[in-house]
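Undergrad: Mind looking over this structure? Questions follow.
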Amino acid sequence: MKVLVVDDEPPIRRAVRVGLERHGYQVVEAFDGENALDVFAEHSPQVVILDLAMPRRDGLSVCRELRAWSQVPILVLSVRDDDRNKIAALDLGADDYLTKPFSLDELLARMRAVLRRAEAGQATEPEPLALGDVTIDFARRSVTRAGAPLHLTPLEFEILRCLALNAERVLTHRQLLSRVWGDEYAEDAHTLRVHVSNLRAKIEPEPARPRYLRTEPRVGYRLRLERE
Amino acid sequence: MSSPPTRTASPRLRGLAAAGASVALLTVVLAAVESAHHVANLSMLYLLVVIAIAVRHGRGAAVAAAVLAFLACDWFFVAPRFRFTVSDPAEWVALLVFLVTATVVGQLTALLRARADEARQREREAAALAEASWSVASQFERDAALAVVLQRACELSGAVGAAVVAWDAAGPTVVAHTGAQAGLADWLPRRPDEAVPAGAGLLVVALGAEEHVGALVLRMPAGRPLEAAARRAVDSLAHHAGVVLQRDRLMQVEARTRALHEADRLKTALLSMVSHDFRSPLASIKASAGSLLPGSQPLDPATQTELVQGITASVDRLNRMVENVLALSRLEAGAWRPQIEPTPVDEVVGLALEPFGPADNSRVRVDLEPGLGEVWVDTVQVAEVLTNLVANALRYSSPRTSVELRARRGHGCDVFEVADRGLGLPPGPVDQVFAPFWRGPGLGESARPGVGLGLAVCRGLVEAHGGTISARRRQGGGTVMRVELPRSRRDEGLGGG
């Protein structure tokens, strides 16, 4: 498995390389945006770890360029408070993001999640889910808690289905809204928040401390399965 | 207007004309009366005319009236009549005495009048200066004080417009003005020591002796130069204007100094924090990293893990401090506007509790008022506030006690409270804990490193929401931190769609 690490800071590239190589990945490096496109063309990596703030073509532009002809999973590295670029990268097709400073464990977990999704391909129906004592069978549209049926509204069910299809991966407000409601509702983050809150009340053991339906502030939501 | 010399000469000519006319009129009247009755001491009547002319037209006219009266008396009423010769020597004496008396009385009367005029003028100046002084002393607002000075300067000098002008490298600036201003800027000298172009009708009076602070510029009506007496008063008013400008400049310097002083205090505190709070995690990282290097004795895996976990914890702490320093500087620069949106309260609370590990989380009891629904907040910022408050509560209380996080509806606001059974607030005003870099007495070098910024950041964020944050001592021991956020934005938000 070949990973392209794009960052203009050598110590970060080096640390990530050492960490990934210890876990059996093969690593190629690029030091800026232009270089990233060249190295990508030469090595065809299976995952790209992409810093956003770089000289000579920033991460957003690289993301746009790559998505024009490749579905390679892209994991974006950003600093906190750079919400706008982070969301823009995700909406452009980046698969997930990590906020600097991050731990190697987080990086590995995110990578595994995006790779799993890439391998699953174009699945339209997620696997049955077990969230604590709540079980969801998407094919049969059945939801039970400790064996007793649990009622979800069609919209709640649809939100959960989208998140389950992208389990462990962040979905932006815009992505969730346009998939569940349609493109014309892509800006209505408030509606989404209300439905997610209701969904939490039904499936989370403690809604004020969500274990599965995690909020990514200003960005979107992520379904965590606790299988790590 | 077109012939200034005539205008300047006219008062004197008018005086002479008045003298001639008065004497002639009296003579005609007396001649008419004389033909019927003899009038005794008619020269006394001429004396009255001389006094009247002296009062109205001054010394020159009085002398002219005296001489004319002398001649008229001689010509019309002293025998032989219609000649200047005098037959009776006694008449000569009488005529001469009249001339001398009339001249002297005329002079004295004119002098008195001049004195009275001068006194009135001084009184006006004194009143104007007193008012200007009072305004300068009582009015700390520059423009208001200058307006009074300018108005009085116009009244005293007869100017049609006045301005206070200051010079800097770029040229003259009109600081304040009153009355006619048209074209003033074109006439102003480019530099304070330049002469005013002749014919501009401008009078430039320096505001102060030392350095060129600026000038009082008067626009005089054509052909009416400033009288010497008024000049004194105008100088004095210019001095007042100079005082106002100087004081304004000093007040600005003082305000800047105070801001710099505060910034300097924060910077000093930040430096001491960097030197202490930042160094201890850095030291622990460096020591742990050194221990992990291969040495003579191999480390057992448990110790290695422990060291690495220590490094990670130190990095997290450093990262948190950096976030707080950044947040504080952005808040102080007013550059961090909250993005207020309706948000389910459990989402805010969930986000606030996310950074805490399972051990800490098990100590936090969450109590949300049923049906509270949504709060109108910037989710990230308010979660940050609650995280800081909960972190403090956990840090300063025994691990065996719990911390309560409550949310409920208040009057026109949403209320969040974080209550602990910890050390409690230090003696003294409770609000001191919100000052940047404040830390509890005795905590300075303690084993519980604080950053002294958390609560200052909380206050900044809450105030950016238009809310309030307060601390109080909890009954039975401990502390309650209370955050109130206004709900009034609900309507605005809905209006905006």
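Undergrad: What longest region of chain B stays clear of chymotrypsin sites (Phe, Trp or Tyr not before Pro) that DSSP places outside H, G, I, E and B and that have at most 13 other Cβ atoms within 10 Å?
TA: The answer is B:141-497.
Undergrad: What do you get for trypsin sites (Lys or Arg not before Pro) in segment B:383-442 restricted to DSSP loop and a cutoff of at most 15 other Cβ within 10 Å of the site's Cβ?
TA: B:ARG400
Undergrad: Looking only at A:LYS86, A:LYS202, A:LYS100, which one moves most when chain A is put into a Gaussian network model with springs between Cα atoms under 10 Å?
TA: Looking only at A:LYS86, A:LYS202, A:LYS100, the biggest GNM fluctuation is shown by A:LYS100.
Undergrad: Just need the Rg to Rh number for the protein assembly as shown, please, alpha carbons only, Kirkwood Rh.
TA: 1.34
Undergrad: Which whole number gives the average, over all residues in B:310-318, of C-beta atoms from other chains lying within 10 Å of the residue C-beta?
TA: 1
Undergrad: Quantify how strongly other chains surround peptide A:188-195 by giving the mean number of their Cβ atoms within 10 Å of each of its Cβ atoms. Kindly include the intermediate steps, with their values, before the conclusion.
TA: Working: counts 1, 3, 6, 0, 0, 7, 6, 1.
Across A:188-195, the average partner-chain Cβ count within 10 Å equals 3.
Undergrad: Charges at C-beta only: +1 for Lys and Arg, -1 for Asp and Glu. How large is the resulting dipole of segment B:4-120 about its Cα centre, in Debye rounded to 20?
TA: 580 debye
Undergrad: Kindly provide the trypsin sites (Lys or Arg not before Pro) of segment A:16-56 that DSSP labels as loop, not H, G, I, E or B, and whose Cβ sees at most 16 other Cβ atoms within 10 Å.
TA: On the way: sites: A:ARG17, A:ARG22, A:ARG56; in loops: A:ARG56.
Listed in order of number, the matching sites are A:ARG56.
Undergrad: Classify segment A:129-223 as rounded, prolate or oblate from the Cα gyration tensor: take a ≥ b ≥ c as the square roots of its eigenvalues, call it rounded if a/c is under 1.5, otherwise prolate when a/b beats b/c and oblate if not.
TA: Prolate, since a/c reaches 1.5 and a/b exceeds b/c.
Undergrad: Another question about this same structure. Which residues' amide hydrogens lie under 5 Å from the amide hydrogen of B:LEU453, considering only partners 5 or more residues apart or on another chain, with H built in the peptide plane?
TA: Hits under the 5 Å cutoff: B:PHE437.
Undergrad: Now for a separate question. Could you work out how far the C-alpha centroid of segment A:14-87 sits from that of segment B:285-317, in angstrom?
TA: Here the answer is 30 Å between Cα centres.
Undergrad: Could you work out which residue, out of A:PRO210, A:PRO45, A:PRO154, moves most in a Gaussian network model of chain A, that is, has the largest mean-square fluctuation with Cα springs under 10 Å?
TA: In this elastic network of chain A, the residue with the biggest mean-square fluctuation among A:PRO210, A:PRO45, A:PRO154 is A:PRO154.
Undergrad: Assigning unit charges at the beta carbon (Lys, Arg +1; Asp, Glu -1) and nothing else, what dipole magnitude in debye, to the nearest 20, does chain B show about its Cα centre? Let's see the in-between values first.
TA: Numbers: 50 positive and 50 negative charges, 223 e Å.
That gives a dipole near 1080 debye.
Undergrad: Along segment B:460-475, what does the Karplus equation 6.51 cos²θ - 1.76 cosθ + 1.60 (θ = phi - 60°) give for ³J(HN,Hα), rounded to whole Hz, x for Gly and Pro?
TA: Taking θ as phi minus 60°, the curve returns x, 5, 5, 5, 5, 7, x, x, 10, 10, 8, 10, 9, 6, 8, 4 Hz for segment B:460-475.
Undergrad: Any chance you could list P(r) for segment A:147-187, counting all Cα-Cα pairs in 5 angstrom bins from zero, rounded to whole %?
TA: P(r) over segment A:147-187, rounded to whole percents: 6, 23, 26, 22, 13, 6, 3, 1.
Undergrad: According to the square roots a ≥ b ≥ c of the eigenvalues of the Cα gyration tensor, what is the shape class of segment B:4-120, taking rounded for a/c under 1.5, prolate for a/b larger than b/c otherwise, and oblate for the remainder?
TA: prolate
Undergrad: Right, here's the next one. Please return the longest range in chain B lying between exposed loop sites, taking GluC sites (Glu not before Pro), DSSP loop only, at most 14 other beta-carbon atoms within 10 Å, and leaving the sites out.
TA: Longest stretch, sites excluded: B:228-444.
Undergrad: Next question, about the same structure. Can you list the residues, at least 5 places off or on another chain, whose amide H is less than 5 Å from the amide H of A:VAL27, using H built in the peptide plane?
TA: Distant-sequence amide H within range of A:VAL27: A:VAL3.
Undergrad: From the phi of every residue in segment A:78-83, what ³J(HN,Hα) in whole Hz does the Karplus formula 6.51 cos²θ - 1.76 cosθ + 1.60 yield, where θ is phi - 60° and glycine or proline is x?
TA: The phi angles translate into 9, 9, 4, 6, 9, 4 Hz.
Undergrad: Using only the Cα atoms of segment B:277-359, build the gyration tensor, take square roots of its eigenvalues as a ≥ b ≥ c, and label the shape rounded, prolate or oblate: rounded if a/c is under 1.5, else prolate if a/b is larger than b/c, else oblate.
TA: Oblate.
Undergrad: Along the charge dipole of segment B:34-146, which of B:ALA144, B:ALA69, B:TRP134 sits closest to the positive end, that is, farthest toward it, with unit charges on the beta carbon of Lys, Arg, Asp and Glu (+1, +1, -1, -1)?
TA: B:ALA69
Undergrad: Under 15 Å between alpha carbons, and skipping anything fewer than 8 positions from A:LYS86 in its own chain: which aspartates and glutamates qualify?
TA: Counting by Cα, and skipping residues close in sequence, A:LYS86 has these aspartates and glutamates nearby: A:ASP51, A:ASP58, A:ASP95, A:ASP96, A:GLU216.
Undergrad: Taking amide H positions as placed in the peptide plane 1.01 Å from N, state which residues far from A:ASP96 in sequence (5 or more) or on other chains have amide H under 5 Å from it.
TA: Amide H neighbours of A:ASP96: A:ILE74, A:VAL76.
Undergrad: Charges on Cβ only, +1 for Lys and Arg, -1 for Asp and Glu, centred on the Cα centroid of segment A:129-223; of A:PRO217, A:GLY132, A:THR153, which one is farthest towards the dipole's positive end?
TA: A:GLY132
FYI, it's all coordinate maths here, none of it is from the lab. The structure displayed is predicted, hence computed values, not measured ones. Because the Cβ atoms are built from the backbone with ideal geometry, glycine has one as well, and the counts that use them run over all protein chains shown.
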